[in-house]
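Encoded as structure tokens, the structure appears first; notes follow it.
The values are calculated or read from the model by the stated rules, or taken from the named source; none is laboratory data. Quick caveat: nothing in here was measured; it's all calculated off a predicted structure. As a convention, Cβ positions derive from the backbone with ideal geometry for all residues, glycine included, and neighbour counts pool all protein chains shown.
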Amino acid sequence: MNVPVFGPDTGSKRTRRADLTRSDVVFGTAGALAGRHAASMSLILHYAPDNASLILRLALEETGLPYRTALVDRAARGQDNAAFRRLNPVGRIPALETPAGVIFETGACLLWITETTRQLAPLPGEPARTAFLKWLFFLANTLHAELRMLFYPARYAPGAEAALTAQVQRNLAAHLDLLAAAVTAEDGFGGAETPLATDLYLVVMLRWMALYPQSEHGWFDLYRWPALCTLVKGIDSRPALRRCAAAEGLGETPLSAPHYPHPPEGSAT
Ligand SMILES: N[C@@H](CCC(=O)N[C@@H](CS)C(=O)NCC(=O)O)C(=O)O
């Protein structure tokens, strides 16, 4: 089982068998679909530790869909490699290879996983579907997009990074007020016992807010939002999250008391 590792652009995919023993594993049996279609399902998650691919890894682990991983070597800007850009022309992590083709954009990949497994989301036609969709798109289009401005301010406001950062921090705090209310009301969120894809997306972004960028995370105090605290503590103890933490070196409490990762391969930035 050879899986490409995208590193410096050599013009061709290279393979490193040594990586396979660590991360390229077929996981899980929990999914409703696992028994029927798992053998024919060939998914490859192109990932870097503690990147947006972690959200998909968590969803895949929760559903039991079998998958392999392929490291994108961020230290060598593997996301800019021509071979990776053939999968995701935007040059951002993640990309998910599926039997139906390659998907990029975390929200799109999550929707595909929920549709394929009929897990982690209310089904089309169910009353709770609308709330799920609106918050899923809010997470992808607003929270995640604005969080990127904190991570890469020079790309969004060159010369005005400090002002952008201050404004985005205020925006994010206001978004978290809304999200805490939605989590409390289980409006589009399922909670730690029966999480939806929205819960998984949100908790990983909360982890990042506590850690990144390393120079600018002091604004964030999870304890300001007790409902979000409860959610991350609950998801921290889920077996799927424990498996993700082991695979990406995220430590014992990746969500409720996060530390910088010590991944067995690759790097977060
Ligand atoms: N909108 C994209 C954002 C993904 C994203 O921001 N990925 C980051 C890693 S967490 C990335 O690739 N950063 C490298 C870069 O932007 O150059 C998605 O939802 O998948």
Could you give every pair whose Cβ atoms fall below 6 Å, whose first residue belongs to the stretch 55-76 and is among the β-branched types (V, I, T), and whose second residue is away from the ligand (no atom under 16 Å from the Cβ), counting only separations of at least 6 or pairs across chains?
-> T63/G31; T63/T117; T63/Q119; T69/S23; T69/D24
Pair list, Cβ under 6 Å, 6 or more apart: the stretch 171-194 residue assigned by TED's automatic domain parsing to the domain that holds M149 and under 21 Å from L123 (Cα atoms), other residue at pLDDT 95 or above and not hydrophobic (A, V, I, L, M, F, W, C) = A182/G188; G188/T198; F189/T198; F189/D199; G190/D199; A192/G234
Could you please find all residues in the stretch 81-92 being in contact with an Asp or Glu (Cβ under 8 Å, 6 or more places away or on another chain) and more than 10 Å from the ligand (Cβ to nearest atom)?
-> N81, A82, A83, L87
When residues of the stretch 185-210 are filtered for being in a helix (DSSP H, G or I) and surrounded by 16 or more Cβ atoms within 10 Å (Cβ to Cβ), how many remain?
-> 14
Give the stretch 93-111 a look and list any residue that's touching a strand residue (DSSP E or B) at 6+ places or on another chain (Cβ under 7 Å), within 7 Å of the ligand (Cβ to nearest atom) and touching a residue at least 40 places away in the same chain (Cβ under 8 Å), or say none.
-> I93, P94
So A154 fits all but one of (1) within 16 Å of the ligand (Cβ to nearest atom); (2) buried (at least 16 other Cβ atoms within 10 Å of the Cβ); (3) closer than 21 Å to T269 by Cα; what number is the exception?
-> (2)
Within the stretch 139-147, is there a residue that is away from the ligand (no atom under 16 Å from the Cβ) and not assigned by TED's automatic domain parsing to the domain that holds G107?
-> no
Are there any pairs, at least 6 apart or on different chains, whose C-beta atoms fall under 6 Å, with the first in the stretch 124-139 and free of Cβ contacts under 8 Å to residues at least 60 places away in the same chain and the second of a type in the set (G, A, S) and surrounded by 16 or more Cβ atoms within 10 Å (Cβ to Cβ), and if so, which?
-> A131/G188
